[in-house]
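A short write-up of the structure that comes next.
The values are calculated or read from the model by the stated rules, or taken from the named source; none is laboratory data. Predicted model, so just to flag it, every value in this text is computed and none were measured. For neighbour counting, all protein chains shown are included, and Cβ atoms are generated from backbone atoms with ideal geometry for every residue, glycine included.
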Amino acid sequence: MKNLLIVSVLFLLQACSEPTPKIVEQAPVVVQMSKVVQVNSNKEYEFPATVSAVKDVDLKFEVSGRLIVENLVEGSEVAKGQVLAQIDPAPFQRKVDESRTRHQDAARSLSRIKEMHSKNVASQRELDDAESLFTITEIALENAKQDLSYCTIKAPYDAVVGARFIENNSYIRAGDTIANLQDRSQLYFSFEVPERIMTANAGNRNVKATAYIIGQEEQVFDIHYVEHKTTPDPVTQTYDIRFAIDGEVTNLFFPGSRATVKIEDLNQAKHALVIPINALVGDKTSGFFVWRFNEVKGVVEKANVDIADLNQELAVIASGLMVGDKVVSAAVSQMREEMNVKEYKADF
């Protein structure tokens, strides 16, 4: 019994003499985080568009002849009524003079036969023939005058010469396009809208529309609605829509330019919370959660979230987070509840 007691005492002394193991604290894991931010969630649409002039007309002569006046400098501005081109009027003037002489002869002949008919010297047939000749020569004179007027082309409105297709002293045939005029008092932005978007926004005019020219993204212009087709393209099922811009800015770019039009629905101003889509864990079936950073404890905590919308880069949060919350946005699969973390901050 005595020996047993001695052995027990020695065992206890040996146990008390062993060093106590030290507890090693794990260093916080450095992680990338993103703040929950609030953005405007109004419906926005972007469409590729093409710029065109408000009016575009091809100039053509209605008679043939030798061009003797040409005032068509491409890119130059012309005023309404300004003479732009003229065909040699001499042959047409001779036709007018000839037609006038014949008409005057027919008028004198009709006057003489009327007098003779009143005296029963000329027959009714002679009178009818004289009246017919008078009418025919009158029409011929008017046609000759009209052809003479067709020798000169004047600007139908203030415009810019878009293109010239003839040179001075060349022979012009009736119907040949000699130049193109563009009315740039406004410029149109034309684009196509899918049927589903047109249907969803039928009758809505409370929108803000802006546009920029491809390659000039830093200059954004306000544009306004002009018109739209109500019959869709039978192949693409899209509707043609036209917006316009006016003022001096129309001189900053040209018809034919490619542009992007942005349409924002102003009917309901909404705001939404967004986070990077990389911060989400889970799927639509099982639900989603994020790792929210507890700045007081320095740890991450699991936070279930409801998703309102997803796109390629961002997730719109319906509930579960607040503005200013920080969530882990990289290597989320390596996180666990209450893990010590530290926010990564790049050094610049």
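Is there a residue being without any contact (Cβ under 8 Å) to a residue 40 or more places away in the chain and either more than 25 Å from Ala79 (Cα to Cα) or of a type outside the set (S, T, N, Q) (or both) anywhere in segment 169-184?
Among the residues of segment 169-184, not one is without any contact (Cβ under 8 Å) to a residue 40 or more places away in the chain and either more than 25 Å from Ala79 (Cα to Cα) or of a type outside the set (S, T, N, Q) (or both), which makes the answer no.
Among the residues of segment 74-94, just one is hydrophobic (A, V, I, L, M, F, W, C), closer than 15 Å to Asp183 by Cα and surrounded by fewer than 15 Cβ atoms within 10 Å (Cβ to Cβ), namely Ala79.
For segment 120-170, filtered to residues that are under 23 Å from Arg94 (Cβ atoms) and acidic (Asp, Glu), the residue that is surrounded by the fewest Cβ atoms within 10 Å (Cβ to Cβ) is Glu142. In summary, no strands (runs of 3 or more DSSP E) completely within segment 231-348 bear 2 or more residues that are at positive phi and either modelled with pLDDT under 90 or of a type in the set (Lys, Arg) (or both).
Checked against (1) under 30 Å from Arg258 (Cα atoms); (2) assigned to a loop (DSSP other than H, G, I, E, B); (3) among the small types (Gly, Ala, Ser), Gly175 passes all but condition (1). Could you look through segment 249-272, keep only residues that are touching an Asp or Glu at 6+ places or on another chain (Cβ under 9 Å) and under 27 Å from Lys43 (Cβ atoms), and pick out the one that is surrounded by the fewest Cβ atoms within 10 Å (Cβ to Cβ)? In this case the residue turns out to be Glu264. Scanning segment 284-336 for residues that are under 17 Å from Gln38 (Cβ atoms), surrounded by fewer than 19 Cβ atoms within 10 Å (Cβ to Cβ) and among the β-branched types (Val, Ile, Thr) returns Ile307, Val316, Val323. May I ask you to list pairs of residues, at least six apart or on different chains, whose Cβ atoms are under 7 Å apart, with the first in segment 213-239 being hydroxyl-bearing (Ser, Thr, Tyr) and the second being assigned to a loop (DSSP other than H, G, I, E, B)? From segment 213-239, the pairs are Tyr225/Arg205; Thr238/Pro232; Tyr239/Lys229; Tyr239/Pro232. The set of residues from segment 23-58 being loosely packed, with under 14 Cβ neighbours inside 10 Å, more than 16 Å from Val299 (Cα to Cα) and either modelled with pLDDT under 90 or in the same structural domain as Asn278 (by TED's automatic domain parsing) (or both) comprises Ile23, Val24, Val37, Gln38, Val39, Asn40, Glu44. Residue check: Val193 meets all listed conditions (1) surrounded by 18 or more Cβ atoms within 10 Å (Cβ to Cβ); (2) touching a residue at least 40 places away in the same chain (Cβ under 8 Å); (3) part of a helix (DSSP H, G or I) but one, namely (3).
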